[in-house]
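Scroll down for the structure; my scribbles are underneath it.
Read-outs: derived from the displayed coordinates by stated rules, not from any lab. The shown structure was predicted, so the numbers you read here are calculated from the model rather than taken from an experiment. Virtual Cβ from ideal backbone geometry, glycine too; neighbours counted across all protein chains shown.
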Amino acid sequence: MAIKDDSLTMRQIILGSPKYFRPGLKATGKIKIRGKFDGVLICAMGGSALPADIFQIWLEAYKIGLPLYIHRNYGIPEMTDKNHLVVCISYSGNTEETLSAFEEARAKKLKVAAITSGGKLAQLCEQYGLPAIIIPSDYPPRMATGFLLSALMKLLVNCGIIDNGLENIAALEKSLKPRTLEIQGKNLAKKIKGKLPVVYASERLRNLARIWKIKFNENSKIHSFYNYFPELNHNEINSYVAPANLHLLILKDETDSPQIQKRMDLTKEILEKRGFPVDIIKIRGKDILYKVFDNLLLSDWASYYLALELGHDSIPVKIVEELKKKMR
């Protein structure tokens, strides 16, 4: 049975999200690490890793050849050396894997910085005299992407690793309009209710599809899967033979190549003939950061209202917290 509302808090977070970029820029200030870097290693888990995924989209969109490595595990990769800037992102500051990466990077005397709202990571930075960007606390990590991404990009600008992007980030506060997507998200949730959402995008926007999947997992508390074109047309599409209770979402950008857009349209046609509901979601805007965050607002609304439809509280992640306690 659907519930009337889980809490106004999540809705307020979504509505306030355009205001989460400037605090990240402000928190970073003039923090920088001196050196010449051949690449960046970002160590993060869960919602704290989402800004790295979006930063990767931004790099590819502007064809910036910065080697970027996103590490979702304990320690750091063997290939990491003194020419890499290591950025450890843990919103809570207490993520076990990220703390492990921080300690190993510090022990190897690599150049390391942290982005966090506090916790043990902030304490370790203070203890060892290493730079820490402290952003606002008390948000679900998956909803704090604006704070984290703006802090990350400002840090990289300060370090001379990238030289643009900050104006576009600051502009998002005025250009993003969460309310304009709320009804669409609510209607999408009603369509998806009782089904398993599968999210597809082009390869260059694969991380966007992945974040949609995560929002359904954490906000709606349901299974969800993602994949990308054209690879899925060479394997996964063959699984649509037996009946399955799925709802497909295809994220389509007008700047995707004509062949990719054709594949999206034909995939929709083929799967609908086999009885699978498919929605093509057009990605709006021109600037890549606007496109990503505008589209993710829709994922927030859809996953939030789906949680209401299913009678779930969209904010807590109780099973994640249970596992963390057992790991201690």
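Numbers below:
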{"item": "The stretch 177-310 - Rg and Dmax from Cα coordinates, angstrom", "result": "14.0, 40"}
{"item": "Cβ-based net charge around MET153, under 12 Å, with every Lys or Arg adding one and every Asp or Glu removing one", "result": "-1"}
{"item": "Unit charges on C-beta of K, R, D, E only; dipole of the chain, Debye", "result": "380"}
{"item": "Neighbour-count ranking [beta-carbon atoms within 10 angstrom, fewest first] of SER150, SER175", "result": "SER175, SER150"}
{"item": "Placed amide H near ILE162: partners under 5 Å, 5+ positions off or other chain", "result": "VAL157"}
{"item": "Folded to 0 to 90 degrees: helix 50-61 orientation relative to the chain principal axis, Cα", "result": "80"}
{"item": "Relative contact order (%) - the stretch 154-262, alpha-carbon pairs under 8 angstrom, separation at least six", "result": "27"}
{"item": "Cα gyration tensor, the stretch 241-328 - rounded (a/c under 1.5), prolate or oblate", "result": "oblate"}
{"item": "Estimated vicinal HN-Hα couplings, Hz - the stretch 187-204 in sequence order (Karplus 6.51, -1.76, 1.60; Gly, Pro = x)", "result": "5, 5, 4, 5, 5, 7, 3, x, 10, 9, x, 10, 10, 10, 8, 5, 4, 5"}
{"item": "Dipole moment magnitude, nearest 20 debye, the stretch 8-173 about Cα centre, only Lys, Arg, Asp, Glu C-beta charged", "result": "420"}
{"item": "Positive-pole candidate from TYR91, ALA52, ILE162, dipole of the stretch 8-173, charges at beta carbon", "result": "ILE162"}
{"item": "Rel. contact order, % - alpha carbon contacts under 8 angstrom, at least six apart, the chain", "result": "21"}
{"item": "Degrees, to the nearest 10: 288-310 long Cα axis against longest axis of the chain", "result": "60"}
{"item": "Other-chain or far-sequence residues with amide H under 5 Å of HIS71's (modelled H)", "result": "ILE42, CYS43, ALA44"}
{"item": "Global geometry of the stretch 106-159, whether rounded, prolate or oblate, following the gyration tensor of its Cα atoms and the 1.5 cut on a/c", "result": "oblate"}
{"item": "Under the Karplus curve 6.51 cos²θ - 1.76 cosθ + 1.60, θ = phi - 60°, whole-Hz ³J(HN,Hα) for the stretch 263-274, x wherever Gly or Pro sits", "result": "4, 4, 5, 5, 4, 4, 4, 5, 6, 5, 5, 9"}
{"item": "Distance violations [Cα-Cα > 19 Å] among LYS190/LYS262; LYS63/LYS174; LYS30/LYS120; LYS195/LYS262; LYS82/LYS109; LYS195/LYS268", "result": "LYS190/LYS262; LYS63/LYS174; LYS30/LYS120; LYS195/LYS262"}
{"item": "Protection-proxy order for peptides 92-98, 70-76, each taking the mean of Cβ atoms within 10 Å per residue, highest first", "result": "92-98, 70-76"}
{"item": "Unit charges at the beta carbon, dipole of the chain: most positive-side option, MET10, LEU149, ASN73", "result": "MET10"}
{"item": "Flagged links, alpha-carbon separation over 18 Å, of LYS215/LYS326; LYS26/LYS154; LYS36/LYS111; LYS32/LYS111; LYS221/LYS291", "result": "LYS215/LYS326; LYS221/LYS291"}
{"item": "Between helix 145-158 and the chain: long-axis angle, C-alpha atoms, 0 to 90°, nearest 10", "result": "40"}
{"item": "Cα-based shape type of the stretch 73-189, given that a ≥ b ≥ c are square roots of the gyration tensor eigenvalues and the cut on a/c is 1.5", "result": "prolate"}
{"item": "Distant alpha-carbon pairs in the chain (separation over 26 angstrom), percent", "result": "48"}
{"item": "For HIS247, residues with placed amide H under 5 Å, excluding near neighbours", "result": "LEU196, VAL198"}
